[in-house]
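These notes concern the structure reproduced below.
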Amino acid sequence: MQSLVLMLGGEDDGLLAWLDQALCAETDPEAFYPEKGGSTREAKKVCKSCDVRAECLAYALEHDERYGIWGGMSERERRKLKKPAI
């Protein structure tokens, strides 16, 4: 995913070493940033078989990524994951 690599290019290369193995780099980036109400199915299908899914999700949670599919989860799913249990 060229746009993701460029977007994250200013980060420490060691922290982003997982990007070299990310399957999304070989996929249409638009699938990972669907329009509101659009399907996330295709992106999540790619994530499901990605070896660096956990690293991707951890990055998104650490950096409070608010848009797109990261680590197989939508922004809403990540927000629920971060929400403290009451």
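Summary of values
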item: Filtered residues of segment 26-47 (kept if outside any helix (DSSP H, G or I) and out of contact with any Phe, Trp or Tyr (no Cβ under 9 Å at 6 or more places or on another chain)); result: Thr27, Asp28, Pro34, Glu35, Lys36, Gly37, Gly38, Ser39
item: Selection from segment 48-72 of residues that are hydroxyl-bearing (Ser, Thr, Tyr) and outside any loop (DSSP other than H, G, I, E, B); result: Tyr59
item: Residue under evaluation Glu62, criteria (1) over 19 Å from Pro29 (Cβ atoms); (2) in contact (Cβ under 8 Å) with a residue 12 or more places away in the chain, criterion not met; result: (2)
item: Matching residues in segment 20-48 - criterion: being in contact with a helix residue (DSSP H, G or I) (Cβ under 7 Å, 6 or more places away or on another chain) and either modelled with pLDDT of 90 or more or at positive phi (or both); result: Ala22, Leu23, Cys24, Ala31, Phe32, Glu42, Ala43, Val46, Cys47
item: Segment 38-53 residues that are of a type in the set (Lys, Arg) and surrounded by 12 or more Cβ atoms within 10 Å (Cβ to Cβ), paired with ones that are modelled with pLDDT of 95 or more and assigned to a helix (DSSP H, G or I) (beta carbon under 7 Å, 6 or more apart); result: Arg53/Cys47
item: Hits in segment 11-37 (condition: free of Cβ contacts under 8 Å to residues at least 24 places away in the same chain, farther than 14 Å from Ser74 by Cβ and of a type in the set (Gly, Ala, Ser)); result: Gly14, Ala17
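The values are calculated or read from the model by the stated rules, or taken from the named source; none is laboratory data. This one's a predicted model, so the numbers in the text were calculated from it and none came from an experiment. Cβ sites come from the backbone with ideal geometry, for glycine too, and all protein chains shown count toward neighbours.
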